[in-house]
Amino acid sequence: MYYSLTYRSWSDEKQAETGVLEQASVTRDELFMRKLVDATLVKNKLWAHLSNECQDQREHAVYVTAYDTQMPEGYGGAIADTALAMCKMSSMYSPEYMLWNGHSFEELTLTESSVYTMEIAEQLLDHYMVRSGKTYEFLYSVLDADRRKVLFFMKEVDL
């Protein structure tokens, strides 16, 4: 079964929807994943998620605004630079992990990365990930549907 998903731009200034950015027909697992990320790349522009809605359990919408108006403090510019510079593509959705090194993000290769959409969605619900004895805090997530990637921006922490 497929669901209709529409990305709608929202203006806080006007307190109104300002247009449709993109429409997609997606599976339930992909819909779940798309609603959980913090931001989405649409036509090579980064959009921050504001809210989600559903009409009649079939018509779904994600309301977005220009990323530069909703950037996370401390990491915002580095997240945008990294997300817009990525170019690796995948045939199935897969995660890419970006580790904060104090001034920018660099790719971190982790073994056993999931390629199942629902497993990526489940990971989006987590605040932390522990791999090989190291703990990482998730800071932000970006969906790049064109490349079929979910970018996880994180930093190493001691808990």
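The values are calculated or read from the model by the stated rules, or taken from the named source; none is laboratory data. Everything numeric in this text was worked out from a predicted model, so none of it was measured. As a convention, Cβ positions derive from the backbone with ideal geometry for all residues, glycine included, and neighbour counts pool all protein chains shown. The area values use the complete protein model at the heavy-atom level, side chains included, leaving out ligands, DNA and RNA. Shrake-Rupley method; radii C 1.70, N 1.55, O 1.52, S 1.80 Å.
A few comments on the model shown:
- Among residues that are farther than 23 Å from Leu125 by Cβ, of a type outside the set (Lys, Arg) and not in a strand (DSSP E or B), Ala83 is not included.
- Close contacts from the range 14-32, counting a first residue that is farther than 22 Å from Leu124 by Cα and aromatic (Phe, Trp, Tyr) and a second that is open to solvent by 50 Å² or more (accessible area, probe 1.4 Å) and outside any helix (DSSP H, G or I), with Cβ to Cβ under 7 Å and a gap of 6+ residues or different chains, come to none at all.
- Restricting Glu156, Glu112 to those that are modelled with pLDDT of 90 or more and open to solvent by 30 Å² or more (accessible area, probe 1.4 Å) reduces the list to Glu156.
- Filter pass, Tyr93 being closer than 25 Å to Val26 by Cα, of a type in the set (Ser, Thr, Tyr), modelled with pLDDT of 95 or more and in contact with a Ser or Thr (Cβ under 6 Å, 6 or more places away or on another chain): no
- Residue match in the range 54-63 (condition: of a type outside the set (Gly, Ala, Ser), surrounded by fewer than 12 Cβ atoms within 10 Å (Cβ to Cβ) and in contact (Cβ under 8 Å) with a residue 12 or more places away in the chain): yes
- Pair list, Cβ under 6 Å, 6 or more apart: the range 73-91 residue in contact (Cβ under 8 Å) with a residue 12 or more places away in the chain and open to solvent by less than 70 Å² (accessible area, probe 1.4 Å), other residue part of a loop (DSSP other than H, G, I, E, B) and of a type outside the set (Asp, Glu): Ala78/Ser104; Ser90/Arg148
- Qualifying residue in the range 89-96 (condition: assigned to a strand (DSSP E or B) and within 22 Å of Tyr7 (Cα to Cα)): yes
- Residue match in the range 80-103 (condition: closer than 16 Å to Glu22 by Cα and among the small types (Gly, Ala, Ser)): no
- Phe138 satisfies every condition listed in (1) under 17 Å from the mean Cα position of the chain (by Cα); (2) surrounded by fewer than 19 Cβ atoms within 10 Å (Cβ to Cβ); (3) touching a residue at least 12 places away in the same chain (Cβ under 8 Å); (4) not in a strand (DSSP E or B) except (4).
- Apart from one condition, Asp146 fits all of (1) open to solvent by less than 80 Å² (accessible area, probe 1.4 Å); (2) within 15 Å of the chain's Cα centre (by Cα); (3) not hydrophobic (A, V, I, L, M, F, W, C); the exception is (1).
- The range 1-26, subset open to solvent by 50 Å² or more (accessible area, probe 1.4 Å) and in contact with a helix residue (DSSP H, G or I) (Cβ under 8 Å, 6 or more places away or on another chain), residue modelled with the lowest pLDDT: Asp12
- Within the range 33-44, being of a type in the set (Lys, Arg), modelled with pLDDT of 95 or more and open to solvent by 20 Å² or more (accessible area, probe 1.4 Å) holds for one residue alone: Lys35.
- Each residue in the range 118-135 was checked for being surrounded by 15 or more Cβ atoms within 10 Å (Cβ to Cβ) and either under 25 Å from Glu73 (Cβ atoms) or at pLDDT below 90 (or both), and 3 of them qualify.
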